[in-house]
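The values are calculated or read from the model by the stated rules, or taken from the named source; none is laboratory data. Please read all numbers here as calculations on a predicted model, not as lab measurements. Cβ placement follows ideal geometry from the backbone for every residue including glycine, while neighbour counts extend to all protein chains displayed. For the accessible areas, the whole protein counts, side chains as well, though only heavy atoms, and no ligand, DNA or RNA atoms are used. Shrake-Rupley method; radii C 1.70, N 1.55, O 1.52, S 1.80 Å.
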Amino acid sequence: MKQKKILFIGDSITEWGKREDPEQIGISYVRIIHDYLLTTYPEQGFDITNKGIGGNRITDLASRWQQDVIEQTPDYLSISIGINDVWRQLDRPEMEQVDIEKFEHLYKELLTQVKEQTNAHIILMEPTVIEEQLQSKGNEILKNYVKVVNDMSKQFETTLVPTHQAFVKYLEQNNGYNLTTDGVHMNSAGNMLMATTWLKAVEEQLK
């Protein structure tokens, strides 16, 4: 039986806990998806790889794309990027920034490479949130980056995981229970919301 290879790539939200984990899966949403698929479909033999690296922006993905994505020849490629592209504009304004035009250009370039050089089914995850207030400056800037991900999903006919919309819907309820530890990095509830949103969008295609 050929294993289905699922590769997750992104920033610290994806990487979370990977370095301390002997399996190199970590304790992020990737772990929840891994454990769910393993126990729900034991006959399928999923091979899950976590290629998240903390602090990454889309420019960092571009620099490691050949080695960490193309050469891995995944059957499914799940991409979660965009938070640091916005967050660095707020907390490190002296850095060279990834504006929306650069973000869109690089995202399109990376997806073109995947389409031309692999047979991977592409899964695009919307960037989640920056601070758990919908009107925060970070979330206002983030809207355009979320739109780029949606546009890329339509253009490249990918599966879209509406993670940003899931967080917005949750925050609109204003129940007072946080999903992050610092406005960006997920606690266990935030990881659960990311994982269930991913599974809702992707699970049928994995059977």
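Is there any pair with a first residue in segment 152-164 that is open to solvent by less than 30 Å² (accessible area, probe 1.4 Å) and a second that is at pLDDT below 95 and not in a strand (DSSP E or B) whose Cβ atoms are under 7 Å apart and which are 6 or more apart or on different chains, and what are they? Filtered contacts from segment 152-164: 159/205. Annotation note: of 89, 44, the sole residue that is touching a helix residue (DSSP H, G or I) at 6+ places or on another chain (Cβ under 8 Å), open to solvent by 10 Å² or more (accessible area, probe 1.4 Å) and modelled with pLDDT under 95 is 44.
Considering only segment 192-202, state which residues are out of contact with any strand residue (DSSP E or B) (no Cβ under 7 Å at 6 or more places or on another chain) and surrounded by 15 or more Cβ atoms within 10 Å (Cβ to Cβ). Of everything in segment 192-202, those that are out of contact with any strand residue (DSSP E or B) (no Cβ under 7 Å at 6 or more places or on another chain) and surrounded by 15 or more Cβ atoms within 10 Å (Cβ to Cβ) turn out to be 193, 195, 196, 199. For segment 132-151, the set of residues classified as open to solvent by 80 Å² or more (accessible area, probe 1.4 Å) and either among the polar types (S, T, N, Q) or in contact (Cβ under 8 Å) with a residue 24 or more places away in the chain (or both) consists of 133, 135, 137, 144, listed by residue number.
Those residues that are of a type in the set (S, T, N, Q) and under 15 Å from residue 51 (Cβ atoms), I need them from segment 67-112; list them, please. Correct list: 67, 72, 73, 78, 80.
Can you confirm whether segment 165-173 contains a residue that is open to solvent by less than 10 Å² (accessible area, probe 1.4 Å), of a type outside the set (Phe, Trp, Tyr) and in a helix (DSSP H, G or I)? Among the residues of segment 165-173, not one is open to solvent by less than 10 Å² (accessible area, probe 1.4 Å), of a type outside the set (Phe, Trp, Tyr) and in a helix (DSSP H, G or I), which makes the answer no.
Scanning segment 3-33 for residues that are open to solvent by less than 20 Å² (accessible area, probe 1.4 Å), assigned to a strand (DSSP E or B) and not hydrophobic (A, V, I, L, M, F, W, C) yields one hit, 10. Given the structure, is residue 61 of a type in the set (A, V, I, L, M), in a helix (DSSP H, G or I) and out of contact with any helix residue (DSSP H, G or I) (no Cβ under 8 Å at 6 or more places or on another chain)? In short, no. Can you find a residue that is within 30 Å of residue 119 (Cα to Cα), of a type outside the set (D, E, K, R) and open to solvent by 40 Å² or more (accessible area, probe 1.4 Å) anywhere in segment 182-191? No, that holds for no residue. Report whether or not residue 106 is aliphatic (A, V, I, L, M), open to solvent by 50 Å² or more (accessible area, probe 1.4 Å) and modelled with pLDDT of 95 or more. In short, no. For residue 182, the requirement of being under 18 Å from residue 12 (Cβ atoms) and either modelled with pLDDT under 95 or not hydroxyl-bearing (Ser, Thr, Tyr) (or both) is met. Looking across segment 65-76 at every residue that is free of Cβ contacts under 8 Å to residues at least 60 places away in the same chain and open to solvent by 30 Å² or more (accessible area, probe 1.4 Å), the one that is nearest to residue 206 (Cα to Cα) is identified as 71.
Of all residues in segment 47-58, those that are open to solvent by 40 Å² or more (accessible area, probe 1.4 Å) and in a strand (DSSP E or B) total 2.
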